[in-house]
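Below is one structure, written out as structure tokens; the observations come after it.
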Amino acid sequence: MNELETLLKTHDWGHAGYVTRPAVDQAMRATAGAEAAALWEKYCPWSETNGGYINWSKR
């Protein structure tokens, strides 16, 4: 598991997560490309694969 995957897996995706979001953004830029996109789709509850932000916000 690389740094990006660890950050995405442990990130607080709620509103309080804005504090650690810059680290996630930096890791996404550093790991740009297909790997970063695949990890985003896997872990981010807002991704299209996971139903998108609108579905997440309804929970």
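The values are calculated or read from the model by the stated rules, or taken from the named source; none is laboratory data. Keep in mind that this is a model prediction, so the values were computed, not measured. All Cβ positions, even for glycine, are placed from backbone atoms using ideal geometry, and neighbour counts span all protein chains on display. Note: areas computed on protein heavy atoms with side chains; ligands, DNA, RNA excluded. Shrake-Rupley method; radii C 1.70, N 1.55, O 1.52, S 1.80 Å.
General remarks:
- Residue pairs whose Cβ atoms lie under 7 Å apart, separated by 6 or more positions or on different chains, with the first residue in segment 48-59 and farther than 11 Å from W13 by Cβ and the second part of a helix (DSSP H, G or I) and not hydroxyl-bearing (S, T, Y), are T49/E41.
- Considering residues of segment 7-32 that are without any contact (Cβ under 8 Å) to a residue 12 or more places away in the chain and open to solvent by less than 60 Å² (accessible area, probe 1.4 Å) only, the residue nearest to the chain's Cα centre (by Cα): D25
Listed here are the residues, each with its yes/no results for (1) within 17 Å of N2 (Cα to Cα); (2) surrounded by 12 or more Cβ atoms within 10 Å (Cβ to Cβ); (3) at pLDDT below 85; (4) touching a Phe, Trp or Tyr at 6+ places or on another chain (Cβ under 8 Å).
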{"position": "E35", "(1), (2), (3), (4)": "yes, yes, no, no"}
{"position": "K42", "(1), (2), (3), (4)": "yes, yes, no, no"}
{"position": "P45", "(1), (2), (3), (4)": "no, yes, no, yes"}
{"position": "G51", "(1), (2), (3), (4)": "no, yes, no, no"}
